[in-house]
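Below is one structure; the comments refer to it alone.
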Amino acid sequence: MEPEILIGAWRRLLINPRATWVLFAHGTCVVLTAPDGDLAEQAVRILRDSGPVHAGSPAGDFSVITAEDGDGWVVTSHHPDVLTYVARDEVEEGGDLAVGLFGRSKRHSDGTELTVVHVEDKRDEAAQA
């Protein structure tokens, strides 16, 4: 999926418009609740620890949230700030299990490849609020 599409999706999906976040190549977003220093490095550390899936552990857990616009889903993980976007056209069956497993596999790929494609730095805006 093109980074521009993913960036637009996350800008629509995140509730807090002042959130600082980092996007990875397969659609995983790490929201930085205490952004500091190099944001990409901070997000990579979080995703390196919380992205890869380990069956039978909390790292395999997920929940599925349907996007309000109906264009896809957000797949949560055991880390509250690690979320993965799944577009409607990425899965044939739109059930929570199929979507969740697909999203979890995307998170695993992002957590092992660790390829940052976008940094949304809202630190200045958050400080002004």
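The values are calculated or read from the model by the stated rules, or taken from the named source; none is laboratory data. Just so you know, these numbers come straight off a predicted model, no measurement behind them. Because the Cβ atoms are built from the backbone with ideal geometry, glycine has one as well, and the counts that use them run over all protein chains shown. These accessible areas exclude ligands, DNA and RNA; they are computed on the full protein's heavy atoms, side chains included. Shrake-Rupley method; radii C 1.70, N 1.55, O 1.52, S 1.80 Å.
Pairs linking a residue in segment 95-107 that is farther than 20 Å from Leu23 by Cα to a residue that is open to solvent by less than 60 Å² (accessible area, probe 1.4 Å) and of a type in the set (A, V, I, L, M, F, W, C), with Cβ atoms under 7 Å and 6 or more positions apart or on different chains, are Asp96/Val64; Ala98/Val91. Based on this model, can you work out whether Gly72 counts as surrounded by 18 or more Cβ atoms within 10 Å (Cβ to Cβ) and farther than 17 Å from Arg123 by Cβ? Yes. For segment 26-47, the candidate set comprises residues that are touching a residue at least 12 places away in the same chain (Cβ under 8 Å) and assigned to a loop (DSSP other than H, G, I, E, B); within that set, the residue that is most open to solvent (accessible area, probe 1.4 Å) is Thr33. Scanning segment 6-19 for residues that are of a type in the set (Val, Ile, Thr) and farther than 19 Å from Gly111 by Cα returns a single hit, Ile15.
Within segment 90-99, the only residue that satisfies the criterion of being closer than 30 Å to Glu41 by Cα and surrounded by fewer than 20 Cβ atoms within 10 Å (Cβ to Cβ) is Glu90.
Per the conditions (1) in contact with a helix residue (DSSP H, G or I) (Cβ under 9 Å, 6 or more places away or on another chain); (2) over 22 Å from Thr112 (Cα atoms); (3) β-branched (Val, Ile, Thr), the sole criterion not satisfied by Val53 is (2).
There is no residue in segment 57-75 that is in contact (Cβ under 8 Å) with a residue 60 or more places away in the chain, closer than 18 Å to Val119 by Cβ, out of contact with any His (no Cβ under 9 Å at 6 or more places or on another chain) and part of a strand (DSSP E or B). In segment 84-104 there is at least one residue matching the filter, namely being assigned to a loop (DSSP other than H, G, I, E, B) and of a type in the set (A, V, I, L, M).
Can you name every residue in segment 22-45 that is among the hydrophobic types (A, V, I, L, M, F, W, C) and under 16 Å from Lys106 (Cβ atoms)?
The initial filter retains those residues of segment 22-45 that are among the hydrophobic types (A, V, I, L, M, F, W, C), namely 22-25, 29-32, 34, 39-40, 43-44.
Correct list: Val22, Leu23, Phe24, Ala25, Cys29, Val30, Ala43.
Residues that are among the hydroxyl-bearing types (Ser, Thr, Tyr) and touching a Pro at 6+ places or on another chain (Cβ under 7 Å) occur in segment 95-118; there is at least one.
Taking first residues from segment 1-25 that are in a helix (DSSP H, G or I) and partners that are open to solvent by 30 Å² or more (accessible area, probe 1.4 Å), the Cβ contacts under 7 Å between residues at least 6 apart in sequence or on separate chains come to Pro3/Val117; Pro3/His118; Ile7/His118; Arg12/Asp69.
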